[in-house]
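What follows is a set of notes on a single structure, which appears directly below.
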Amino acid sequence: MQNRILHLHVQRHLAFGIYGLSRLINGTATVWQEMHGNDSSNWSRFVHERWPFRWLGVSAFRGDFSMGEKGCDFWNRYKEDLGLAKNLGCTSFRFSFEWARIEPSQGSYDEAAIQRFHDILDTMEELGLEPNVTLHHFTHPTWFEDLGGFMKEENVPIFVEWAQFMFRTFHKRIKLWAIFNEPTAYTFLSFIVGLGPSPRYVSNIFNLIGAGRTLSNLLKAHTTTYWALKALPGGKEASIGMVHHHIIWVTEWLSYWLGWDIMDHWMCTGEFEWRLPVFGTWIKWTDPGGKPPCDWWGINFYSHPVAAWNLKPACLPHQIMTDMFYPIYPEGLYAAIQRSSRYGIPMYVTETGIADHRNDRRALLIETYFRVRSFIAMLLGQLKR
């Protein structure tokens, strides 16, 4: 049982808006590919084929990559996991709809998979866990990837159609919707550092043009999808947002390609700009509607990674390193909340946490990171008086 609890990626959700606090909710969350996997998704194929590393003679991934066996099997053990979340004191549960599982081939929907998600939501309702659902958390079907994925703007309507189908099916059961999880992290992993899937025969290492084009299309897809869902029955009542990875590297150029400044500028103005070394501005556009539509903002924060001169992960002398090779950095969470408050919409801390197999640093992270949460809750409680 203890190991089962440790498999749950415990995350704290903070409901906080510039106009005041309506409630605090605590939650936990899953990443679908990590929790169960699916052999028809872009990530599963990436892990199995090791593109482009296999052509370089590099064994990038080792071991057994039968995705369902290596995960903790949430697909079949969801009742147990949701019960553990409830026992931890959670009132919310964040998860994603697995597009590849629900639409394994274009236009063909798996009714059994849809029913399983209804079953998961039934259990959440029984336990009093409020769902917070994401429509795209890094994974999509291989057939969509083979069409060019989000590298091609003409594929955006395919994603919008998928989002509309899911909203029609589940809108009566879910209030909080995120269209995308971490679009900048997705493009960074899949096109710049080679740690995520890109369309076949498209380089996923230092492909700055592909990264910029994909991020541009993801943000356009957010706006198009938002208005498409709002136009559906139940759309006006739904709260539709975006989740962003708030990360600042000590190395400035890495911070740029992870896109916090890009996203911040887009959220404040509706203008997107992607620059390349030497060439300067490569892509630039402004949404005719101005600032992008967004009902809430999700803050994913872990740390500020430090890279040594040889680009290996490091930390500053006074910092403590985690198993994921980033240091414990609590002041960064406060900075992310403070900066995001400029958008004037409710915020949720949708991800934070630590990788700690020795279990000797977790208490320190909880004490320091959640001190920020307690401090903000105290301030807002005073404002409500």
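The values are calculated or read from the model by the stated rules, or taken from the named source; none is laboratory data. Since the structure is predicted, the reported quantities are computational estimates derived from the model, not experimental observations. Here Cβ is always computed from backbone atoms with ideal geometry, including for glycine, and neighbour counts include all displayed protein chains. What goes into the accessible areas is simple: the full protein's heavy atoms, side chains included, and nothing from ligands, DNA or RNA. Shrake-Rupley method; radii C 1.70, N 1.55, O 1.52, S 1.80 Å.
Structure notes:
- According to the Kirkwood relation over distinct C-alpha pairs, the hydrodynamic radius of the stretch 73-153 is 14.0 Å.
- Our compactness index for the stretch 157-221, the C-alpha radius of gyration over the empirical 2.2 N^0.38 Å, is 1.33.
- Range of Cα positions in the stretch 321-360 per principal axis (Å), largest first: 40, 16, 14
- Entries in K79/K291; K220/K312; K152/K291; K79/K172 that, when Cα-Cα distance is taken, lie over 31 Å: K79/K291; K220/K312
- At full extension, N359 and L127 could sit 80.7 nm farther apart than now, given 0.36 nm per residue minus the alpha carbon distance.
- Long-range tail of P(r) for the stretch 107-182 (Cα pairs > 19 Å, %): 41
- Our Cα-only numbers for the stretch 258-329 put the radius of gyration and Dmax at 16.8, 47 Å.
- Heavy-atom accessible surface of the stretch 159-203: percent carbon and sulfur, 1.4 Å: 53
- Evaluated at q = 0.13, 0.16, 0.19, 0.21 Å⁻¹: base-10 log I(q)/I(0), Debye formula over Cα of the stretch 131-262: -0.55, -0.80, -1.05, -1.21
- In the stretch 195-280, GluC sites (Glu not before Pro) in a DSSP loop with at most 12 other beta-carbon atoms within 10 Å: E237
- Scattering profile of the stretch 68-204 at q = 0.10, 0.11, 0.17, 0.22 Å⁻¹ [log10 I(q)/I(0), Debye over alpha-carbon scatterers]: -0.38, -0.45, -1.03, -1.42
- If R0 is 35 Å, the Cβ-Cβ spacing of E80 and L195 corresponds to a FRET efficiency of close to 0.70.
- Protein-only accessible surface at a 1.4 angstrom probe places the residues D39, D323, D81, D146 in the order D39, D146, D323, D81, largest first.
- Accessible surface of the stretch 294-357 [probe 1.4 Å, protein heavy atoms]: carbon and sulfur percent: 64
- Long-range Cα-Cα pairs in the stretch 223-307 (distance over 14 Å), rounded percent: 70
- Applying the criteria of a DSSP loop state and at most 10 other Cβ atoms within 10 Å to the chymotrypsin sites (Phe, Trp or Tyr not before Pro) of the stretch 302-362 yields W309.
- If the segment from E111 to K175 were pulled out straight at 0.36 nm per residue, it would be longer than the present Cα-Cα gap by 20.8 nm.
- For chymotrypsin sites (Phe, Trp or Tyr not before Pro), the sites in the stretch 172-204 that DSSP calls loop and that have at most 14 other Cβ atoms within 10 Å are Y201.
- Solvent-accessible surface ranking, highest first, for R168, R45 at 1.4 angstrom: R168, R45
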